[in-house]
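The values are calculated or read from the model by the stated rules, or taken from the named source; none is laboratory data. All values derive from a computational prediction rather than experimental measurement. Cβ atoms come from the backbone with ideal geometry, glycine included; neighbour counts cover every protein chain shown.
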Amino acid sequence: MERLKNIARNTSPVRFFLRNRNGDICLGECGDMLNRARMAFQDGRTTSEKFRLAQLDALIRLVFEHESDLADALGRDLHKPRFETVVSELILVKNEALYAVKNLHKWMEPQHVDRNLSTALDACMVVNEPLGTVLILGSWSSPVQLCLVPLVGAIAAGNCAIIVPSEHCTYTAELLHRLLPSYLDNECYHIALATEKESIEIVDLKFDHVFFSGCREEGTKVCQAAARHLTPVTLILSGKNPCYVDRECDINITARRIAWARFHNSGQNTASPDYVLCHAQVKEPLLWALRDALVEFYGSDARESESYGRLVSMENFTRVRDLLWRSGKVLIGGQVNEAERFVAPTILTDVSERDPVMRHEYSGPILPVLTVENVDEAISFINNRDKPLCVYVYSSSTKVISRLMKETTSGSFCSNDSVLQSLMPCLPFGGVGQSGMGSYHGRYSFDTFSHKKSCLLRATRVECLTYLRYPPYDDRNLSLMTWASTLTQKSQGWCHIL
């Protein structure tokens, strides 16, 4: 880690190349990438299963062969420990790609559907078509996996893609910009390095789909730019993820799992719990257990710990620091160091619903703890706010867990742990309402980047039923159609035969 610190001090950040001589964005260069990708797609280069498998295998090799390079880059950008990089970024990309390779043939097959009486001799199916050329806008919270995991889905579905990594993680962005062309097809897959403002202009170039992960403010701009061309979007947005701690739970295990999830990557994770709701009688034991967990994880001074990261930018540091100073009472942590963009793991108490930390979106190592009288109040508290990306509950009562799962709405739900549901290829991950739209991971990424085309293949030789629909209409034909429809409804649950 000391070597990384020296590199970071002696190396200036990379410059983003998507600019002309006046310093303005050179959309022509990105437009050229888009045109090349479109031509490659129109030529059918991405259509075959063989091509898709080869590109997925190449992506797996990239991650395997450059694990150290990626860990070093994330160390420079986020002071991210190698352990966190491997577990939360690289393993996730590998698993997604391997899962796609294993299941791709099955995903690509048409899905045959049940037929009714009028289509009994026809072939009815849903065909998965690639959308075309898609845009993937990555986030700085997980700059590798939030670029490459969606890319896995785009490749598996047979699309071409342009990837725009976050400008805040400059070393990681430059590394991906250098590595991807050495592994993936240079006509189908491109990386454009651009600022957040420029990324919105890139959206306006008209893609077949846009995938964005990040904050709501930027997500809204992406959605507005995409709407000008009716471009479909997938938005994975941050928000306020509640965590309810019941009276019936193992306090020590609960504290360790919450602390790991909240302060992993210095709190910069859209899936981590943003605040805790707990019963008054468990508040003190929980706070003590959280303090013990933080000391165990990061020592008495997290600034000296090689297992604790830094905030990605001075802008984010200032935002988190100001919210920290204007909200509640600091029970644990609270130390900041502007030169290092360091904010200590912090637990806040005496927090009210009106405090800035509860009203504003942020990404940092602050965990407010609020009290509620019972599970009903916790559910009401959650439901009176925007629908979150994740809801968490810690309880040994299956009844309490069931109530939280059924009576709240969120993009995902997890009991007695946090974040893990967002790392599984077999589960969809995405938001609802203000926390986003659409989902990805595994088959759900394939579906996100595919068009489901309904197809009915029939011949002209059978007219024994279809003639009933033709004019001139009469009551006899209507009775026969109604009779046939009723039989079909009783036997298969359908109402129509046309």
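What to note about this one:
- LEU367 being modelled with pLDDT under 95 and under 16 Å from PHE263 (Cβ atoms): no
- Sole residue being assigned to a strand (DSSP E or B) and either in contact with a strand residue (DSSP E or B) (Cβ under 6 Å, 6 or more places away or on another chain) or not assigned by TED's automatic domain parsing to the domain that holds PHE317 (or both), chosen from LEU179, LEU98, LEU135: LEU135
- Unique match (being more than 27 Å from the chain's Cα centre (by Cα) and either among the aliphatic types (A, V, I, L, M) or farther than 23 Å from ARG247 by Cα (or both)) among VAL336, VAL391: VAL336
- Output for the stretch 429-456, where each listed residue is β-branched (Val, Ile, Thr) and either surrounded by 24 or more Cβ atoms within 10 Å (Cβ to Cβ) or more than 15 Å from SER412 (Cβ to Cβ) (or both): THR448
- Residues within the stretch 439-478 that are at pLDDT 95 or above and over 30 Å from LEU427 (Cα atoms), tallied: 0
- Search result, residues across the stretch 390-431 that are among the polar types (S, T, N, Q) and outside any helix (DSSP H, G or I): SER395, SER396, SER397, THR408, THR409, SER410, SER412, SER415, ASN416, SER418
- Filter pass, ALA156 being surrounded by fewer than 23 Cβ atoms within 10 Å (Cβ to Cβ) and touching a Leu at 6+ places or on another chain (Cβ under 6 Å): no
- Of the residues VAL87, VAL93, the single one that is buried (at least 20 other Cβ atoms within 10 Å of the Cβ), among the β-branched types (Val, Ile, Thr) and not assigned by TED's automatic domain parsing to the domain that holds TYR308 is VAL93.
Residues checked against (1) part of a loop (DSSP other than H, G, I, E, B); (2) touching a residue at least 40 places away in the same chain (Cβ under 8 Å); (3) among the aromatic types (Phe, Trp, Tyr):
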site: ARG262; (1), (2), (3): no, yes, no
site: ALA271; (1), (2), (3): yes, yes, no
site: PRO285; (1), (2), (3): no, no, no
site: LEU290; (1), (2), (3): no, yes, no
site: TYR308; (1), (2), (3): yes, yes, yes
site: ASN316; (1), (2), (3): no, yes, no
site: ASP322; (1), (2), (3): no, no, no
site: SER352; (1), (2), (3): yes, no, no
site: THR371; (1), (2), (3): no, yes, no
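- Qualifying residue in the stretch 156-174 (condition: part of a helix (DSSP H, G or I), within 18 Å of LYS94 (Cβ to Cβ) and touching a residue at least 24 places away in the same chain (Cβ under 8 Å)): yes
- For the stretch 153-175, residues that are touching a Ser or Thr at 6+ places or on another chain (Cβ under 6 Å) and of a type in the set (A, V, I, L, M) total 2.
- Within the stretch 200-234, the set of residues being assigned to a helix (DSSP H, G or I) and touching a helix residue (DSSP H, G or I) at 6+ places or on another chain (Cβ under 8 Å) comprises ILE200, GLU201, ILE202, VAL203, ARG216, GLU218, LYS221, VAL222, ALA225, ALA226.
- Among the residues of the stretch 30-63, the ones that are in contact with a Leu (Cβ under 9 Å, 6 or more places away or on another chain) and either surrounded by fewer than 16 Cβ atoms within 10 Å (Cβ to Cβ) or at pLDDT 95 or above (or both) come to 11 in all.
- Residue under evaluation ASP447, criteria (1) in the same structural domain as LYS221 (by TED's automatic domain parsing); (2) in contact with a strand residue (DSSP E or B) (Cβ under 6 Å, 6 or more places away or on another chain); (3) not polar (S, T, N, Q), criterion not met: (2)
- Flag if ILE251 is under 26 Å from PHE449 (Cβ atoms) and among the aliphatic types (A, V, I, L, M): no
- ARG385 vs. criteria closer than 26 Å to PHE317 by Cα and either surrounded by fewer than 18 Cβ atoms within 10 Å (Cβ to Cβ) or not polar (S, T, N, Q) (or both): yes
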